[in-house]
Amino acid sequence: MPADFEPSRAQPGLLDREGVGPLPIDAHRKYEVRCPVHGFIQLNDWERNIIEQPAFQRLRRIRQLAWTDLVYPGAMHTRFEHSLGVMHTATLLYDSIVEKSADVLREQLAYTKEGLDRDRQLVRLACLLHDVGHTPFSHSAEDLFPEFGEPAEKLAHEDYSPQSFGVNCAVQ
């Protein structure tokens with residue numbers, strides 16, 4: 001194993017060259033997913049690791065448009081596909097803003113290349129994870145969510161997203 005190997009940063013399911021242990025996450029290793037709308041969508045190890053999690057994989061079974069396909073049979077895509085597309089589209093937008101506004105970002109807002117790269121990754125992750133708390137039937141089922149807090153109020157799917165990955169976010 002490499003000296004800098006950290007088990008907590010390992011990719012489950014991927015083995016090193018000798019087939020011995022898991023590979024460490026490498027932000028520079030790239031993967032591609034073929035999307036029928038956007039073409040090839042690139043992923044890095046971190047994004048791929050998130051996509052492989054059961055909380056994200058369940059989005060494959062949640063329809064983006066709930067029952068719309070009953071009227072429009074072609075309207076059949078999932079929150080999984082949607083999340084990948086949102087990440088890709090937001091990345092194109094971010095890259096375009098950075099390209100066209102590089103001088104303003106660097107000179108007036110003091111952005112560095114490292115800061116821009118970090119923010120790009122944060123945008124990608126936020127977009128990738130924005131729907132992870134969705135329930136079946138999309139927004140159509142939100143009226144069925146329980147009420148919490150004082151005064152009692154219904155939570156939205158965004159409130160359930162952190163809990164999907166085991167993050168405890170107590171309602172106050």
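The numbers here are math on the coordinates, done by the rules we state, and not lab data. Note that the structure is predicted; figures quoted are calculated from it, not measured. Neighbour counts are summed over all protein chains in view; Cβ atoms, including those assigned to glycine, are modelled from backbone coordinates with ideal geometry.
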key: Simple spin-label estimate for Arg118 and His77 in nanometres, 7 Å along Cα-Cβ   = 3.3
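Extension gain Glu153-Asp95, at 0.36 nm per residue separation less the Cα-Cα distance, in nm? Intermediate results must be reported in sequence, preceding the final value.
Values: separation 58, 0.36 × 58 = 20.88 nm, distance 3.85 nm.
Contour length minus the Cα-Cα distance gives 17.0 nm.
Could you list Leu70, Leu128 in order of exposure, starting from the residue whose Cβ has the fewest other Cβ atoms within 10 Å?
Values: Leu70 9, Leu128 21.
The fewest-first ordering by Cβ neighbours comes to Leu70, Leu128.
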query = In the P(r) worked out for segment 42-147, what percent of Cα pairs fall beyond 15 Å?
reply = 69
